[in-house]
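The values are calculated or read from the model by the stated rules, or taken from the named source; none is laboratory data. For clarity, every value in this text was computed on a predicted model and none was experimentally measured. As a convention, Cβ positions derive from the backbone with ideal geometry for all residues, glycine included, and neighbour counts pool all protein chains shown. When the accessible area is computed, the model is the full protein with side chains, heavy atoms only, and any ligands, DNA or RNA have been set aside. Shrake-Rupley method; radii C 1.70, N 1.55, O 1.52, S 1.80 Å.
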Amino acid sequence: MSEPKKAVALISGGLDSMLAAKTILDQGIHVEGINFFTGFCVEGHTHAIRKKDNEKAKPKRNNALWAAEQLGIKLHIVDVIEEYKDVLLNPKHGYGANMNPCLDCKIFMINKAKQWLEENGFDFIITGEVVGQRPMSQRRFAMPLVAERSGADDLLLRPLSAKNLPETKPEREGWVDRSKLHDFGGRTRRPQIAMAEQFGFIDYAQPAGGCCFLTDKSYSQKLVDLWQARGTRDYELDDVMLLKVGRHIRPKPHFKLIIAREEGEGRFMEGYKNDFISLHCSSHTGPLALIDGNPDAADLELAAAIIARYSKGKDEEQIEVAIRATDGHESRIKTRSLSVEQMLKEWFI
């Protein structure tokens, strides 16, 4: 008697990957999930930063972990931050609308899943991809390209669109029943929503906005600005995280301000005060700001006037701003906030 087959499912936390895994689970296949952490995910700890989000009744969660819990499967979270750099910095198939290397990203993740499969004695890979959905990697021309260039070839099964695609090895060998797979296609979400209702999946993550900050225009602009200012296309995880929070203002090419927009962001940014010069209004209530760059004394005066603009004392004749160096030394500047007219539009990233 042959051994039961095992599949590894890419679990993003979205509905499609849940439904794909459920489809295979219902055929008696052992399924475990895998989720790759690039640092650019919208998921996870970034949800918990902003206080106003936490005030909502709905608790924040990591949707990949939540999806695995709903499915009753083990989830393996794999840190690929360093390996992913080459994908982002040198995408062979270019970028999408912003800084998202969608096709190269999918190839990379399927390749990593193939490596994991071989190391752990699994038999095939499943994803929640649907032919013709919005991401570049799910266009019809791209799907065979991803399978080939990732090295997964016909070990890659897309259960939601399988009937619209050539048979894979799991189908030919009878590991799975092709007749119980699906023929979803295009951008409509109606079949997936109907399946979710059938399986009792509720409160699942919505696809709007994507699951990667690199698809976001504003975030991508901040990332490009960071590279231009530093003169190198590189980044660390701290850079990735700080681009996700605050109001970013670059009044001079050699420095920028990151200004907390609310209390939750301020608390998060407190953790970086030993790495960046920080400012806060000491005479009135106002936000914390970090300075990224190498400001001189005149720059610090300008930064103080900017941060004063976001304080409760913005209309006062004089405001005191505390400036803390990375070694903990603190000095104070008396200033007046910049007017709306003085805040140049091109400063805002």
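A few notes on this one:
- On the range 211-328, 45 percent of the accessible area sits on carbon and sulfur atoms, based on a 1.4 Å probe.
- With Rh defined as the Kirkwood radius, the inverse of the mean 1/r over Cα pairs, the Rg/Rh of the range 113-170 is 0.96.
- Contact order relative to length of the chain, as percent, for alpha carbon pairs under 8 angstrom and 6 or more apart: 15
- Karplus (6.51, -1.76, 1.60) ³J(HN,Hα), θ = phi - 60°, over the range 130-141, in Hz, Gly and Pro reported as x: 10, 4, x, 6, 4, x, 4, 6, 9, 5, 4, 5
- Nearest-10 value in Å² for the accessible area of residue 149, using the 1.4 Å probe: 140
- Restricting the range 78-139 to trypsin sites (Lys or Arg not before Pro) that sit in a DSSP loop and have at most 16 other Cβ atoms within 10 Å of their own Cβ leaves 92, 139.
- Restricting the range 255-304 to GluC sites (Glu not before Pro) in coil, as DSSP defines it, with at most 15 other Cβ within 10 Å: 262
- Sequence-ordered 3J(HN,Hα) estimates for the range 10-20 from the Karplus curve with 6.51, -1.76 and 1.60 and θ = phi - 60° stand at 6, 10, 8, x, x, 5, 4, 5, 4, 5, 5 Hz, glycine and proline given as x.
- For the range 81-196, the convex hull drawn through the C-alpha positions has a volume of 122 cubic angstrom per residue.
- When the residues 134, 140, 233 are ordered by accessible surface, computed with a 1.4 Å probe over the protein chains alone, the sequence from largest down reads 134, 140, 233.
- Distribution of pairwise C-alpha distances over the chain, 10 Å bins, in %: 5, 22, 27, 19, 14, 9, 3, 1, 0
- Of the residues 347, 175, the one with the largest accessible area comes first in the ranking 175, 347, computed with a 1.4 Å probe on protein heavy atoms.
- Calculated mean residue ellipticity at 222 nm for the chain: -9500 deg cm²/dmol, from DSSP H runs with n ≥ 4 weighted as -39500 (n - 2.57), summed, divided by the residue count and rounded to 500.
- Among beta bridges identified by DSSP and lying wholly in the chain, the antiparallel ones come to about 60 percent.
- Cα gyration tensor shape for the range 142-213, rounded if a/c is under 1.5, else prolate or oblate: oblate
- Overall form of the range 295-349 per C-alpha gyration tensor (a/c, 1.5; a/b vs b/c): oblate
- Rounded to the nearest whole Hz, the Karplus-based 3J(HN,Hα) values (6.51 cos²θ - 1.76 cosθ + 1.60, θ = phi - 60°) of the range 84-91 follow the sequence 6, 3, 5, 4, 6, 7, 9, x, with x at glycine and proline.
- Mean Cα-pair separation over length for the range 232-297, i.e. relative contact order, pairs under 8 Å, 6 or more apart, %: 30
- Contact order relative to length of the range 132-256, as percent, for alpha carbon pairs under 8 angstrom and 6 or more apart: 15
- Among the listed pairs 6/92; 106/222; 74/112; 163/217; 106/256; 252/273, those beyond 28 Å (Cα-Cα): 6/92; 163/217; 106/256
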